[in-house]
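Asker: The structure that follows is given in the form of structure tokens.
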Amino acid sequence: MIYAGGLPIGEGPSALFRGVAMPGSIKRRLLFWAFVGPLVFAFFVVVVIPFLWGIYYSFTEWNGIVRSQVEWVGLQNYIDLFDDEQFIYSFWFTVRFAVVSVILINGIGFALALMVTQPLRSSNALRTVFFMPNLIGGLILGFVWQFIFIQVFSALADVLNLDFLRGWLSTPETGFWGLVILMTWQMAGYTMVIYIAALQSIPGELLEAAEIDGSTLWSKTRHIIIPLVAPAFTINMFLMLSNAFKLYDQNLSLTNGGPFNSTQMLAMNIYNTAFQFDKMGYAQAKAVIFFMVVATVSIIQVRMNKRREVEY
Amino acid sequence: MTGKKRFILFLEVIGITIGIVFFFPFYIMLINSFKTKPQIFQNTLNLPGGLEWSNYVKAFERLEFLQAFANSMFITVGSILLLILFASMAGWKLVRTKSTLSSVIFFMFVSAILIPFQSVMLPLITLMGKIGFLNRLGLIFMYLGFGSSLSLFLYHGFVKSVPKELDEAAIIDGCSEFQLFRKVIFPILNPITLTVIILLTIWIWNDYLLPSLVINKEGMQTIPLQMFFFFGEYTKQWHLALAGLTLAIIPVIIFYFAAQKYIIRGVTQGAIK
């Protein structure tokens, strides 16, 4: 979905097609809208109009009640953001989470892909298990892991005599790592599947030639596999990064932002500003900043990775 | 050669160990869902002494599981049918029409992939609340909007590989455009339709945030919504919570084993296209 920068450019309609459709360019236009219209309508009502309207709301003070006053306040909401300690905290927490989780998810996903593409007897079973968490909703997985961190970890602490397993999710640090562990467990299998597809598209002759030349497994990985898997790396980075920034369900069900909002991520901060404190205009200003951050990070990241990819 | 064999065996052992770690959350959830409340606190790690089916009976009733399942099904299937129909039509027509308008429309859909849900959530809910288009049908309409970018993008990419001569031959044979689309084009799109179905199912079935904002009537809740209320009501009653979670996961696991091949293929294609 990221390679779509280029617009479809093509030759004009074929002679025959023109012959049939020309009698009325009106008829042609009607047909065009009959096919394209329904999707465009839903897209405009659900995405485009709310998006533009949201930018307007971000300059107002408004409590969300339908008939209440919407008061224009200019840039005040954006100025207030800089003094909002919780927002700034959530912002950096989200950035830290995104960096750590994206590295772990991709590292582990790639390692798993390398492993299951070897001739292992358990290869298929392992793929099935690694991918499974990905299909289940984040809300449900967060609840399952709440049980594990709270109940199972303290049982393990008793058996193994490891005190650091106690009281997970009750400090900011363990809450952070709890989220990282949950997301790595859920998403590593997804990136694995993409890496497997990339590994399998590497021409076999290339690897054989390297083997004949006497290259080691490490140098094969370093000089052939990694450069050729770079496009898959781009895709996985893009998907996981925007996923990490937008995370809400897992955050809600695992820690609900606690203890004392110390694990509250950006999406939850926006949600709570809007629905707990009824500050819709202010929440919308946060949402606009949120959009700019997500879009910028995604574009920069794809640009950087594209430059490194090789063709073969 | 023996070095290589030993290496494979070593990998096999490592792999199975990691596999067990990955599977452990499901295992521990399942065994504890069959215990009584005190058993869970005394022996979290052991197998249950007996099978406490009453946990499941209670969870099933309090979750109103059948109702929730039916709602999830209705919303997921309804959204997907509309998205497939309208996105395939639009994808085909946009590729076959070479004009600035067509390019601009496609470019808008693709750019919108960058817009996070939270950036449109508040105005959208306000707008929909004003015109009273909420709950199940409103939700389906909203999925049509939010799913449009990805679905259109996948169809658009696929149609480009379908030869134009096919359209022309059908027109010569006297097909109208709608007949051409229904009888010739849509069947050719089957492989990408399958991919779209898989990706949309995973997303819509599991989605929590949008339904939580849109559904406000009793008896219309989806499985994730019911699970959220249920879990809030029974915090620290792990025996019921775990039985409920297991119930919620079972349909997904069945779907996974029934369609594993297509799911893996769909997910891969959806990402790399």
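The values are calculated or read from the model by the stated rules, or taken from the named source; none is laboratory data. All values derive from a computational prediction rather than experimental measurement. Glycine gets a Cβ as well: all are built from the backbone with ideal geometry, and neighbour counts include every protein chain shown.
Asker: Just to check your reading of the model, which residue among B:Phe153, B:Phe133 is over 25 Å from A:Met132 (Cβ atoms), under 26 Å from the mean Cα position of the chain (by Cα) and without any contact (Cβ under 8 Å) to a residue 12 or more places away in the chain?
Answerer: Among B:Phe153, B:Phe133, only B:Phe133 is over 25 Å from A:Met132 (Cβ atoms), under 26 Å from the mean Cα position of the chain (by Cα) and without any contact (Cβ under 8 Å) to a residue 12 or more places away in the chain.
Asker: Among the candidates B:Gln179, B:Gln221, which residue alone is farther than 30 Å from B:Pro116 by Cβ and among the polar types (S, T, N, Q)? Break it down stepwise before answering.
Answerer: Values: B:Gln221 fails: farther than 30 Å from B:Pro116 by Cβ.
Only one candidate qualifies: B:Gln179.
Asker: If I filter segment B:142-193 down to residues being part of a helix (DSSP H, G or I) and among the acidic types (Asp, Glu), which single residue comes out as surrounded by the fewest Cβ atoms within 10 Å (Cβ to Cβ)? Break it down into steps so the answer makes sense when it comes.
Answerer: If we filter segment B:142-193 for residues that are part of a helix (DSSP H, G or I), which is where we start, we get B:142-159, B:165-172, B:177-188, B:190-193.
Of the ones still in play, those that are also among the acidic types (Asp, Glu) are B:165, B:167-168, B:177.
Numbers: B:Glu165: 10, B:Asp167: 21, B:Glu168: 16, B:Glu177: 22.
Among them, the one singled out is B:Glu165.
Asker: Another question, if that's okay. So A:Phe131 clears everything in (1) crowded, with 20+ Cβ neighbours inside 10 Å; (2) more than 9 Å from chain B (Cβ to nearest Cβ) except one condition, right? Which one?
Answerer: All conditions are met except number (2).
Asker: I've got another one for you. Which pairs have Cβ atoms under 7 Å, sit 6 or more apart or on different chains, and link a residue in segment A:26-50 that is at the interface with chain B (Cβ under 8 Å from one of its Cβ atoms) and under 11 Å from B:Ser148 (Cα atoms) to one that is outside any helix (DSSP H, G or I) and among the hydrophobic types (A, V, I, L, M, F, W, C)?
Answerer: A:Val47/B:Ile115
Asker: Something else now. Is it the case that some residue within segment B:83-96 is buried (at least 20 other Cβ atoms within 10 Å of the Cβ), of a type in the set (D, E, K, R) and free of Cβ contacts under 8 Å to residues at least 60 places away in the same chain?
Answerer: There is at least one residue in segment B:83-96 that is buried (at least 20 other Cβ atoms within 10 Å of the Cβ), of a type in the set (D, E, K, R) and free of Cβ contacts under 8 Å to residues at least 60 places away in the same chain.
Asker: Sort through B:Ala271, B:Ala258 and tell me the only one that's under 18 Å from the mean Cα position of the chain (by Cα), closer than 27 Å to B:Arg136 by Cβ and free of Cβ contacts under 8 Å to residues at least 60 places away in the same chain. I'd like the intermediate steps shown before the answer.
Answerer: Values: B:Ala271 fails: closer than 27 Å to B:Arg136 by Cβ.
Answer to the selection: B:Ala258.
Asker: Could you tell me whether any residue of segment A:47-58 is farther than 24 Å from A:Ala285 by Cα, modelled with pLDDT of 95 or more and surrounded by 13 or more Cβ atoms within 10 Å (Cβ to Cβ)?
Answerer: The answer is no; no qualifying residue exists.
Asker: In addition: Does segment A:93-105 include one or more residues that are outside any helix (DSSP H, G or I) and over 24 Å from B:Ile202 (Cβ atoms)?
Answerer: Within segment A:93-105, the first condition is being outside any helix (DSSP H, G or I), and the residues that meet it are none.
No, segment A:93-105 contains no residue that is outside any helix (DSSP H, G or I) and over 24 Å from B:Ile202 (Cβ atoms).
Asker: Report yes if some residue within segment A:185-199 is part of a loop (DSSP other than H, G, I, E, B), touching a helix residue (DSSP H, G or I) at 6+ places or on another chain (Cβ under 6 Å) and not basic (Lys, Arg); otherwise report no.
Answerer: First, the residues of segment A:185-199 that are part of a loop (DSSP other than H, G, I, E, B): none.
No, segment A:185-199 contains no residue that is part of a loop (DSSP other than H, G, I, E, B), touching a helix residue (DSSP H, G or I) at 6+ places or on another chain (Cβ under 6 Å) and not basic (Lys, Arg).
Asker: Can you pull out every residue in segment A:251-270 that is assigned to a helix (DSSP H, G or I) and surrounded by fewer than 24 Cβ atoms within 10 Å (Cβ to Cβ)? Can you show your working first?
Answerer: At the first step, the residues of segment A:251-270 found to be assigned to a helix (DSSP H, G or I) are A:251-254, A:266-270.
If the condition is that a residue be assigned to a helix (DSSP H, G or I) and surrounded by fewer than 24 Cβ atoms within 10 Å (Cβ to Cβ), then A:Leu252, A:Met268 are the ones that fit.
Asker: I'd like to verify a number: residues in segment A:242-291 that are within 22 Å of A:Ser101 (Cα to Cα), at the interface with chain B (Cβ under 9 Å from one of its Cβ atoms) and aliphatic (A, V, I, L, M), how many?
Answerer: Of the residues in segment A:242-291, 4 are within 22 Å of A:Ser101 (Cα to Cα), at the interface with chain B (Cβ under 9 Å from one of its Cβ atoms) and aliphatic (A, V, I, L, M).
Asker: For residues that are free of Cβ contacts under 8 Å to residues at least 12 places away in the same chain and within 19 Å of B:Ile18 (Cα to Cα), scanning just segment A:93-117, find the one that is surrounded by the most Cβ atoms within 10 Å (Cβ to Cβ). I'd like the intermediate steps shown before the answer.
Answerer: From segment A:93-117, those free of Cβ contacts under 8 Å to residues at least 12 places away in the same chain are A:95, A:99, A:103, A:107, A:111, A:115; that's our starting set.
If we keep only those that are within 19 Å of B:Ile18 (Cα to Cα) too, we end up with A:103, A:107, A:111, A:115.
Numbers: A:Ile103: 14, A:Gly107: 13, A:Ala111: 15, A:Met115: 19.
Selected residue: A:Met115.
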